[in-house]
């Protein structure tokens, strides 16, 4: 915002109080995919395609057998049964990867393996179980007609030369990597992975090497950087750790300057309006361009977003709250989709499913609530239960969370038994708890 025609400063800036949807829309509009780079196919998992992939070959290149058996003509086995079998002369064998060989004529059969090219003249593959498996060498006796006209896979059923297999923006999963391998690719063009600088702030923070202070009540564990680093790596980003910045403007400024080459800067803590919350003041002094500050959500309302000038470019800056659950939720809801869009992915949002609330979820203010929940099955329903107290300063409940129950601002509570939308944190339910067989 502006005051008197000039950009407002830390001391005068008012909260924007942006709706969650509006905040996400602004953030994604600011994300331009990073340049592309070729990588070996074995290293491409989780990256996003930067160019269309077109089939160079037709697969399979010929009609092929769907099972082991005998290639025959349907008319030669018409009426075959246990009491009236049909006997055919076996004139050869064809295996996968070999030439189909001779053409089948009247009263003839060719022994064939799964995936092998179907010989000319054949329109049927009879499974071995419906034959005598050549009890007399050179002759096969057939006892059933259930395979008549069946078990032949058409040429090009998998892919045809010249057709588009995958489009830019597609996330490379094990399945898509299998397609690329089948298409003969050993390298693939993907968007570059974003480099994300992490800057936790606060004199009270202690790393593991100073955990004695935490035990003695003289410090707070610095859990956000390891947690957010893992979240960055989960989308194939590259975290850069700047170390803890003390509540000192010079130290903050030096560490922010050290992040100038990163694609994104994420500050953690110092996002509110306390006397020691210096992050926004230092950013303002570095030419920070304000996007918004404060979102109508809980936890995580003090989220900020803007840009720092870095020579010829603007560096996106996220200011996350320091409470662990707030940092986790705001990263999931806003930073993760932004990083995925930077990395070129066309699908950037978590999957949402409708569950049944296991208990009352109180959301008394007109904010969008993100409640940490664990999911279980109850009959045909997926049931969402709170992981425990939802205070933003707690971290232990994050370990149990399968998803975030999203309660819109027009609801004061979700009652037990009512439907509630849940944003899945792993895009699927845990298989060991939710078998489908």
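The values are calculated or read from the model by the stated rules, or taken from the named source; none is laboratory data. Just so it is clear, the model here is predicted, and its values are computed rather than measured. Every residue, glycine among them, receives a Cβ derived from its backbone with ideal geometry; neighbour counts consider all protein chains shown.
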Can you find even one residue in region 308-331 that is assigned by TED's automatic domain parsing to the domain that holds residue 28 and at positive phi? yes
Over region 332-352, the set of residues surrounded by 15 or more Cβ atoms within 10 Å (Cβ to Cβ) and outside any helix (DSSP H, G or I) is 343, 344, 345, 348, 350
Given the options 106, 80, 100, name the one that is at pLDDT 95 or above and surrounded by 18 or more Cβ atoms within 10 Å (Cβ to Cβ). 80
Would you check if there is a residue in region 270-291 being in contact with a helix residue (DSSP H, G or I) (Cβ under 6 Å, 6 or more places away or on another chain) and either at pLDDT 95 or above or in a strand (DSSP E or B) (or both)? no
Got a number for residues in region 302-326 being within 18 Å of residue 26 (Cβ to Cβ) and touching a strand residue (DSSP E or B) at 6+ places or on another chain (Cβ under 6 Å)? 13
For region 109-120, which residues satisfy the criterion of being assigned to a loop (DSSP other than H, G, I, E, B) and buried (at least 16 other Cβ atoms within 10 Å of the Cβ)? 113, 116, 118, 119
Any residue in region 365-377 that is modelled with pLDDT under 95, surrounded by fewer than 18 Cβ atoms within 10 Å (Cβ to Cβ), within 21 Å of residue 19 (Cβ to Cβ) and over 20 Å from the mean Cα position of the chain (by Cα)? yes
Considering only region 122-155, how many residues are surrounded by 14 or more Cβ atoms within 10 Å (Cβ to Cβ) and either over 16 Å from residue 65 (Cβ atoms) or in contact with a helix residue (DSSP H, G or I) (Cβ under 7 Å, 6 or more places away or on another chain) (or both)? 11
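Table: residues versus (1) surrounded by fewer than 18 Cβ atoms within 10 Å (Cβ to Cβ); (2) in contact (Cβ under 8 Å) with a residue 12 or more places away in the chain.
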| residue | (1), (2) |
| --- | --- |
| 29 | yes, no |
| 34 | no, yes |
| 41 | yes, yes |
| 56 | yes, yes |
| 65 | no, yes |
| 71 | no, yes |
So, restricting to helices (runs of 4 or more DSSP H) that lie completely within region 121-235, which ones have at least 3 residues that are modelled with pLDDT under 95 and either farther than 30 Å from residue 343 by Cα or not assigned by TED's automatic domain parsing to the domain that holds residue 261 (or both)? 211-215
